[in-house]
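Take a look at the structure set out below.
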Amino acid sequence: MSGDEDTRADTEAPSEQERSAKNEPGHEPAGKKPEGKKPKKGKAPRRGARREALSNLGGPVDSRGDRAFAFALASAMEAQAEEADVLTHGFHTYPARMHPALARVVLREFDLGPGSEVLDPFCGGGTVAVEAMVAGWRCLGSDLDPLALRLSRVKVERRREPQRARFTEVLEAVAAASERRVRGRVEVRAALSPEERSWYDVHVLKELAGLLEEIRAVRDKRDRQALEMVFSAIVVKFSRQRSETADRDAPRRLRKGLVTEFFLRKGRELVERWAALSEALPERSHEPRFVQSDARRLPTTLSGEYRCDLVLTSPPYGGTYDYARHHARRHAWLGINAKHLREGEIGARRDLSQPHSKSGSARRGERRSGRVEAGKDAQARWDQQVLDTLRTLHELLSPDAVAVLLMGDAQLGRVAVPADRQLEALAPVAELEFLAAASQPRPEWWTGGHGQERREHLVALRRPA
Ligand SMILES: C[S@@+](CC[C@H](N)C(=O)[O-])C[C@H]1O[C@@H](n2cnc3c(N)ncnc32)[C@H](O)[C@@H]1O
């Protein structure tokens with residue numbers, strides 16, 4: 001993942017910086033380039049020149065399994081040392097966003113020719129979709145969170161210069177109107193619950209509400225939707241939510257007008273990022289499609305015949321994040337009904353860090369913080385969620401096609417569960433063949449207080465022919 005958590009302490013103005021990759025000395029290559037091994041027909045990775053990592057995110061990458069696949073996966077893991085904030089990728093933070101270079105290398109190594117179809121059933125902020133478009137793949141992205149789909153759609157827009165110029169005019173008009181509201185102290189009521197309102201200082205709440213009213217008055221639907229994502233990109237920084245992935249109260253000192261200034265800056269940034277994307281796209285690129293679905297019900301959602309040539313995805317890491325909670329501020333402002341996400345989110349920390357049985361012995365304070373022994377049923381629930389996901393992938397992959405999954409070790413209370421071993425054990429149950437894995441330590445991750453090291457893995461599974 002590319003580290004989209006804002007870990008900054010409270011400041012006068014919200015920081016635009018994402019946490020940068022941690023460079024560790026002592027990098028070792030993940031294994032020698034396989035000599036004289038023939039790529040398997042059609043589905044095996046290309047053995048292109050291996051990229052030299054400039055630095056390393058979390059220490060050495062080690063790999064195992066089929067040599068050609070292991071090599072390709074290790075190359076992709078190592079590419080994470082490259083710049084993550086390119087094209088439209090860094091426009092909007094997203095917890096556990098996939099590193100774009102990782103996606104790029106996987107798409108290159110598993111290239112099957114023009115127009116092949118890649119599926120990302122946990123598409124989040126659309127990293128795979130953007131990279132697929134640039135690399136000439138067709139792409140279907142799916143997620144349970146409507147916010148993810150709205151964001152992804154904006155990030156893959158191919159806006160040429162005249163459209164970008166027109167959008168800039170609209171953006172500036174909205175910002176000017178918002179500024180006039182602030183100066184004129186225009187009354188406006190935020191359509192939020194009292195609980196949600198309590199996340200903001202009164203003057204910030206008014207400025208955000210006024211800004212959103214101006215956005216909603218924009219006539220062009222695409223512009224309006226893009227402006228809503230600009231709003232979404234800044235709103236958490238103006239709340240008392242301490243970071244993207246924490247929900248504790250953090251008082252901010254924010255002067256009037258700052259919301260609008262940030263909105264304008266973010267909007268201009270989006271325009272520049274669209275320009276970079278437009279430059280990078282081949283003349284004939286395929287616009288990705290997106291659909292809202294629980295990944296485990298995707299075959300039903302797609303009703304029938306859909307098959308893909310590659311799955312590239314990063315499902316939630318067990319017991320690590322709470323997407324419904326992390327995005328709650330955004331859902332509330334944008335009127336997004338997150339019921340399906342709250343009910344169907346897999347891997348959610350709120351679910352897997354606590355025992356389900358009524359006899360759960362955790363004390364109240366521990367329960368609230370999630371620092372509890374999760375119990376056997378958490379492991380069983382997580383296994384079931386992963387297994388259901390793998391069964392779905394089996395249904396959606398063409399025969400002989402490969403699924404590449406980026407997953408971090410789960411943290412179930414105090415117990416760390418190695419994701420590569422879990423996938424390897426469950427794959428045959430879902431009639432998938434384990435091919436290879438590449439793994440890298442993540443020393444900066446939370447370990448439930450027991451210091452068990454957690455790692456991130458890129459795992460390749462194949463649906464047999
Ligand atoms: C690790 S993030 C994906 C990040 C993405 N690769 C990116 O680069 O932005 C996992 C995603 O899974 C989604 N999700 C959680 N449970 C899901 C489910 N049952 N079905 C589909 N999506 C789900 C979350 O909404 C979140 O967007």
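Computed over the Cα atoms of segment 161-277, the ratio of the radius of gyration to the Kirkwood radius (Rg/Rh) comes to 0.98. Net charge in the neighbourhood of residue 292 (other residues with Cβ under 15 Å of its Cβ; Lys, Arg +1, Asp, Glu -1) is +1.
Multiplying the residue separation of residue 160 and residue 307 by 0.36 nm and subtracting their alpha-carbon distance yields 49.7 nm. Just add up the charged neighbours of residue 135: K/R +1, D/E -1, any other residue whose Cβ is under 9 Å from the Cβ of residue 135. So the environment of residue 135 carries a net charge of 0. With a simple spin-label model that places each label point 7 Å from the Cα along the Cα-to-Cβ direction, the separation between residue 289 and residue 189 comes to 4.3 nm.
Available extension along the chain between residue 465 and residue 219 is 83.5 nm, counting 0.36 nm per residue and deducting the alpha carbon span. By the count of other C-beta atoms within 10 Å, a proxy for reagent exposure, 77, 229 are ordered fewest to most as 229, 77. In segment 161-277, taking the dipole from charged Cβ atoms about the Cα centre, the farthest positive-side position among 257, 217, 232 is held by 257.
Sparsely packed loop sites in segment 254-344 (the trypsin sites (Lys or Arg not before Pro) outside DSSP H, G, I, E and B with at most 12 other Cβ atoms within 10 Å) comprise 255, 284. Segment 112-165 and segment 405-431 have Cα centres lying 27 Å from one another.
Ranked by how many other Cβ atoms sit within 10 Å of their own Cβ, fewest first, the residues 346, 336 fall in the order 336, 346. Annotation: the residues 293, 303, sorted from fewest to most other C-beta atoms within 10 Å of their own C-beta, follow the order 303, 293. Among the trypsin sites (Lys or Arg not before Pro) in segment 94-187, those located in a DSSP loop and surrounded by at most 12 other Cβ atoms within 10 Å of their own Cβ are 158, 160, 185. Computed over every Cα-Cα pair of segment 230-286 and binned at 5 Å starting from 0, the pair-distance distribution P(r) comes out as 4, 17, 18, 17, 14, 11, 8, 7, 4, 1 percent. Among 314, 282, 295, pick out the residue whose Cα is farthest towards the positive end of the charge dipole of segment 278-328, where Lys and Arg carry +1 and Asp and Glu carry -1 on C-beta, about the Cα centre. The listed residue farthest towards the positive side: 295. In this structure, the residue pairs whose Cα-Cα separation is over 24 Å, taken from 155/206; 206/266; 206/237; 155/266; 155/237, are 155/206.
Rule-based calculations on the coordinates, nothing more; no lab input. The shown structure was predicted, so the numbers you read here are calculated from the model rather than taken from an experiment. Heads up, the Cβs are rebuilt from the backbone with ideal geometry, glycines too, and the neighbour counts pull from every protein chain shown.
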